[in-house]
1. Quickly work out the Glu328-to-Arg163 label distance, labels modelled 7 Å from Cα along the C-beta direction, and quote it in nm with one decimal.
2. For the range 577-586, take each phi angle, set θ = phi - 60°, evaluate the Karplus expression 6.51 cos²θ - 1.76 cosθ + 1.60, and give the result in whole Hz per residue in order, putting x for glycine and proline.
3. Mind sorting Asp194, Asp259 by how few other Cβ atoms lie within 10 Å of their own Cβ, fewest first?
4. Listed highest first by mean packing, meaning other Cβ atoms within 10 Å per residue, what order do 469-475, 351-357 come in?
5. Roughly speaking, what is the stretch gain from Ser119 to Gln413, that is 0.36 nm per residue apart minus the C-alpha to C-alpha distance, in nm to one decimal?
6. From the P(r) of the range 170-460, could you give the percentage of C-alpha pairs in the tail past 24 Å?
7. On the Cα set of the range 421-478, report Rg and Dmax in Å, please.
8. Given +1 on the Cβ of Lys and Arg, -1 on the Cβ of Asp and Glu, and no further charges, what dipole in debye does the range 170-460 carry about its Cα centre, rounded to the nearest 20?
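What follows is calculated from the coordinates using simple rules that are stated; it is not laboratory data. Given the structure is predicted, the values throughout are model-derived calculations rather than measurements. Cβ sites come from the backbone with ideal geometry, for glycine too, and all protein chains shown count toward neighbours.
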Amino acid sequence: MSRSILVVAAVLALAPRASADPARPTFDDDVAPVLRQHCTNCHGNDKQKGDLNLATYAAMQKGGAGGAVVVPGDAGKSRLYSLSAHLEEPKMPPSGNKMPDPQLALLKLWVEQGGRENSGSMVKLAPKAVDIGLKSVVKGRPPGPPPMPAAGKLALDPFVKARRPGAVTALAASPWAPLVAVGGQKQVLLYNSDSGQLAGVLPFPHGQVNSVKFSRNAQFLLAAGGRGGQTGKAVLYRVETGEKVTEVGIENDAILSADISADQTQIAAGSSNKMVRIYSTADGSVLREIKKHTDWVTQVEYSPDGVLLATGDRNGGLFVWEAFTGREYFNLRGHTAMITGLSWRDDSNVVASASEDGTVKLWEMENGGNIKNWAAHGGGAAAVRFTHDGKLASTGRDRVTKLWDQNGAVQKQFEALPDLGLQVVVTHENAKVIGGDWSGAIKVWNVADTKVLAQLDANPPPAAERAKLAEAALTAADAKVKGAQAAFDAATAKNKTAADAHAAAVANAAKLAADLAAAQKQVTDLTPAVTAQKTAADAAKAEADKLAPPATTATNKVGALEAMLAADTTAAKMLADAAAKAPTNPELAVAAKKGAEGVTARQKELEGAKGAAVTAAALLKAATDKHAAATKTFTDTSTALATAQKTVAAVTPTVKPAADAVPPLKAAADAAAAAVAPAKAALDTATAELTAARASLEQLRAAAAPPPAPPPPPPPKK
């Protein structure tokens, strides 16, 4: 038998009642008798020093002015044990006489085993110490991609399937990711705000979720709630894995609102006990209690920089506290009914409040002044949220969700919800507003055109049913992709045809314009050339005509001289012959001599005439050739001019129609080209939807599949 069991057995002799199991002590059977013997005179129903009542298990759970006195699983941090064992001050009992060691051993064992109330109680161990505190708070969006639920890490099958959805009492949007949390009965639903698909389900076994908040860096989700009149808890989950990081709460009623500080070291919780309790995220201990409210604490929210804490109550009380001291910073007076919503502007300089009195008010943090207020919703405003771009979204009993500027002017108004509006959030990119109502309806609106983009299911069916719906969605998405592909192909073909037609028209118009310009230039250039060449041809003809008669005369003179030379030669020969026959006739000799001289002279004259005739013929030929060349040049230029003129006459009527044909073809080409992009975008969207539908179906099939059968036991050893 272990030493602890022996010690407990020894204690039983001192206790008026006996435990059913000495090794597993309970409050009712074992601890309560010890406390009545040593503690309840000062900490009982009649007297509660330090606001601590140890008479009953429920009263002890409330703790005292210093916070919780029992940390299940950790005796060293449980003041009920450490003060009784005189390990800390003030020692208890104050008389100075320490409890007997067997009774202290009993207390220690009871705490370390979880501090059970009775034999039928579940063991409640204190959460393990966690270290998620940040050394510094990052202003704005943290570096790196924002966390989203990892595939296969979170449950996709709801833990609870009700007959109908309940009122949307808790709604939150991740500050940096497309993720929305919806609180419900014993669970938190996580939806992708872009696709509208269920991204995961977080268990909340403590009851109804009344509050959900993302940490400022979007890494964690805090869910708070509980069971009315019984217990209140706040549970912190890691968004990416769904892992429970820590759990706090010693409330005897459900927590109504909770938030985690920007540095992630504190969790503030408000409930019907009119108190704000601040818990440590490291070990779940109560750091401080704020007892200024006069009614239920309905709203709790830390400023983005973590410096301040705003809280509101059912009576319209609204306070701002120093987050790390609990000292009152401002008492913001003005609301006349329950505070239903609190939201800080990103710079932490302004906090917005919504109230059942129907108004939304803005408060500055320099002097605590009310800088703006307006009647937002008839019958009562239910929620308000600041957007990253400085606008505010709100909803209320009039069922209408609205988007405002900070002057209270309506920027957008969305279609009415089916029932009283309860919650509103804005997605991280300020593009969507999401509202939830009393009937469980959750609508996602597009800020740009106020149209409904999606409706989130606050009571989703089991994964098996959603898988069937997903199969139909996959079939529809596949058909949509095929249709989008056909439309894209048609748009692409039409674009090519229109582009080719436009290009051909542009080329034709350009060619005709170029041909006309070239022909017009020829006409312009050739017209004076033809005139000049006509003048030159005429001048050449006149020159040839002038030289023709002298050439003819010279030629005729040569002919005449040749005839005369022949005659003179014949006569001279006759005289020479006669003189030869009559040598004694001096007269014949003189005549023969003169005849010979005449022939010589005639020959010289003929040679001169021939030279003159050759010169005259050459001059005439040159003039004639010049005239022929000038005439040819004139003729060729005239022909080219006539051709250019014909071209101008033929092309001119075609240029304008060709040019006029270009703009409509360009418009058609532009329209066809413009149609390609949306067709491609539609194809991409349809493809993405198909991919998402396929992934969703695979996840749902995996979630709905029965767990694998355990491996068969090994064969018995022989």
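1. 4.8
2. Working through the residues one at a time gives 5, 5, 5, 5, 7, 10, x, 8, 9, x Hz.
3. Taking fewest neighbouring Cβ atoms as first place, the list is Asp194, Asp259.
4. Ranking the peptides 469-475, 351-357 by packing returns 351-357, 469-475.
5. Answer, rounded to one decimal: 100.2 nm.
6. When every Cα pair of the range 170-460 is considered, 44 percent fall beyond 24 Å.
7. 14.0, 38
8. So the dipole magnitude of the range 170-460 works out to roughly 420 debye.
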